[in-house]
Amino acid sequence: MKEYTVEDVKNVLRPRLGDDVPLLLFRILRIIGMRSILGESSGATLYMMGKRVGNMLPASTMEQFVDTILELKIGIPHITTVDEDHINVKLYECITCAGFSYTGEMFCDMESGIIAGLLENVLGKKAKSTQTKSWTAGYEYCEFEVFLY
Ligand SMILES: [Zn+2]
């Protein structure tokens, strides 16, 4: 199986439909499709996928980190550096959960992985991100605690 890069998938030739897709389609694929195929392993798999994707995207400053998340419309990130090994990322308007009703479980694993992967590029350290808040857990934003090592 071939491995494709971000460059490979960049060219979109859709004169009538353009390069946007409805967020509804993304959520159907992401929340219904992937979870039903991957089952209990979906969280870990989506995190690893997100991390890999984050590592493939160019970002070498915190400003570029924020710009990339905004440009891909993953959400609106607000960063707080807790200390040199700990960064808190609040994600407003999260692509996956913003507006979702309370379910008691959190599933923004892919977003968590993308954030960790991008921060690895920016900071040159390994990163592990854990989701701590979500619309599905009763908050109006998503939150990730990222530890660097
Ligand atoms: Zn979310």
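Bear in mind these aren't lab numbers, they're just calculated from the coordinates by the rules spelled out. Treat the numbers as computed from the prediction; the structure is a model and nothing was measured. Backbone-built Cβ (ideal geometry, glycine too); neighbour counts: all protein chains shown.
Annotations for the structure displayed:
- Those trypsin sites (Lys or Arg not before Pro) in segment 57-149 that DSSP places in a loop and that have at most 15 other beta carbons within 10 Å: 73, 125, 126
- Helical runs (DSSP H, four residues minimum) scored at -39500 (n - 2.57) apiece and divided by the length of the chain put the mean residue ellipticity at 222 nm at -10500 deg cm²/dmol.
- GNM top mover of 92, 102, 47 - the chain, alpha-carbon springs below 10 Å: 102
- For segment 1-41: rounded, prolate or oblate by the Cα gyration tensor [a/c cutoff 1.5]: oblate
- Within the chain, the longest run free of exposed loop sites, counting GluC sites (Glu not before Pro) that sit outside DSSP helix and strand states (H, G, I, E, B) and have at most 12 other Cβ atoms within 10 Å, spans 4-83.
- Comparing mean-square fluctuations of 82, 12, 122 from a GNM of the chain with C-alpha springs under 10 Å, the top value falls on 12.
- The residues neighbouring residue 106, those whose beta-carbon lies less than 11 Å from its own, together hold a net charge of -3 under the Lys/Arg +1, Asp/Glu -1 convention.
- Cβ-placed point charges (K, R +1; D, E -1), dipole of the chain about Cα centre in debye, nearest 20: 500 debye
- Gyration tensor verdict on segment 13-149 (Cα atoms; rounded if a/c is under 1.5, prolate if a/b is larger than b/c, oblate otherwise): oblate
- From least to most packed, judged by other beta carbons within 10 angstrom and beginning with the fewest, 100, 107, 26 follow the order 26, 100, 107.
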